[in-house]
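What follows is a single structure, written as structure tokens, with notes after it.
The values are calculated or read from the model by the stated rules, or taken from the named source; none is laboratory data. The shown structure was predicted, so the numbers you read here are calculated from the model rather than taken from an experiment. For neighbour counting, all protein chains shown are included, and Cβ atoms are generated from backbone atoms with ideal geometry for every residue, glycine included. Quick note on the areas: whole protein, heavy atoms, side chains included, nothing else; ligands and nucleic acids left out. Shrake-Rupley method; radii C 1.70, N 1.55, O 1.52, S 1.80 Å.
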Amino acid sequence: GENLGGLPLGDGALYNPATDAWTPLASVGAPTPRTRYVAVWTGTDMIVWGGHGIGLDALPVTGALYSPATNSWRPMSTVGAPSGRTASDLRGGTAVWTGTEMIVWGGIGPQNTPVDTGARYNPASDTWQPLSRVNVPAARYGHVAVWTGDRMIVWGGAGPCTTHCGATTYLNSGAAYDPSSETWQSLTTLNAPTPRVAHTGTWTGREMIIWGGRDQSGRVNSGARFDVSSDVWRSTPTDCAISARENPVAVWNGNELLIWGGGANAVPLVGGKFDPITERWLPMTTTNQPQTASVAAVWTGTEMIVRGSGNDTHGRYKP
């Protein structure tokens, strides 16, 4: 992450919801300070890779694995690693965990240029393998990526940048990458959501749900559900939906899509729950909610934990 002065940080902490307590992470062997990196949970370790660092380490190709069981870090090989990149401030997901590998794709490379390259990292062998370039999607950043159980789907985001990385092209295209066959397959754009960035992408176990973000007209509260097996999009309702916003957090609780936070015009900021079966939105309570927009969220199995951008701004929500 970064401090209030915008400088990358190189520390962290473990949060225990049972005791509502934080424990500092070990600093020995930790990755160099960075922000806008990618991170995935393997079931035993957290993998941190890439991002934006300081000086000569501006776009590091390094990373490390953190084990909570031993409170220790171990470095990742850089042989065959993807080129340095950052996920941008649009919270574009550029990494997924497959169960055995971390797949990294897209993001912003040198000179604020979107990239269309990626690689697979296997922590068991500590090795990287480049992704196929055949039928690869257009270079982008600010997109979302989900793992379906056998494929990685990337969708949306922004294309080439101009001064200060102002997007010249918002995208409503995407593709599915199959690591078993090392092939890319384009997604249909028929009935797809409007081209956008800063949106959410969540896998429900049956479909990918895209919601919110910003398109060429501004912040939106629209979205769509993508059925991977039939390559079909179906719009989510805007009736009773929560207010338009960009960069919210989203988690799937097994039955509902929970969305909270983000940049929006509405005050106070109200979160919402979307049920794909009934296709209905319901508001989340605002009692005791965090006072700043969240920057990360996880589902524990019983509740959503969100972490804000300031001190003491985390919160726990039980549906």
Exercise for the section: Output the relative contact order of the chain, whole-number percent, from Cα pairs under 8 angstrom with separation of 6+ residues. Expected result: 8 percent
Handout entry: In sequence order, calculated HN-Hα J values of the range 55-63 (Karplus, 6.51, -1.76, 1.60; Hz; x Gly/Pro)
Key = x, 5, 9, 4, 10, x, 9, 9, x
Exercise for the section: Would you mind telling me the share, in percent, of accessible area of the chain contributed by carbon and sulfur at probe 1.4 angstrom? Expected result: 53 percent
Fill in the blank from the handout: Dipole check, the range 133-276, charges on Cβ (K,R +1; D,E -1), about Cα centroid: among V146, W252, G272 the Cα furthest to the positive pole belongs to G272
Practice task
In nm, give the distance between the simple-model label positions of W299 and T19, each being 7 Å from the Cα along the Cα-to-Cβ direction.
Solution key: 2.8 nm
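What number, in percent, do you get for the relative contact order of the range 175-214 if the mean sequence gap of Cα pairs under 8 Å and at least 6 apart is divided by its residue count?
Numbers: 38 pairs, mean separation 11.0, N = 40.
Relative contact order for the range 175-214 comes out at 28 percent.
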Completion exercise
Using alpha carbon centers only, the range 7-59 is separated from the range 176-234 by a whole-angstrom value of 29 Å
Exercise for the section: Could you give me the percent of Cα pairs per 10 Å distance bin for the range 200-301, shortest bin first, beginning at zero and ending with the bin that holds the maximum distance? Expected result: 15, 51, 30, 4, 0
Exercise for the section: With label points built 7 Å along Cα→Cβ from the Cα atoms of T70 and S235, find their separation and express it in nm. Expected result: 5.4 nm
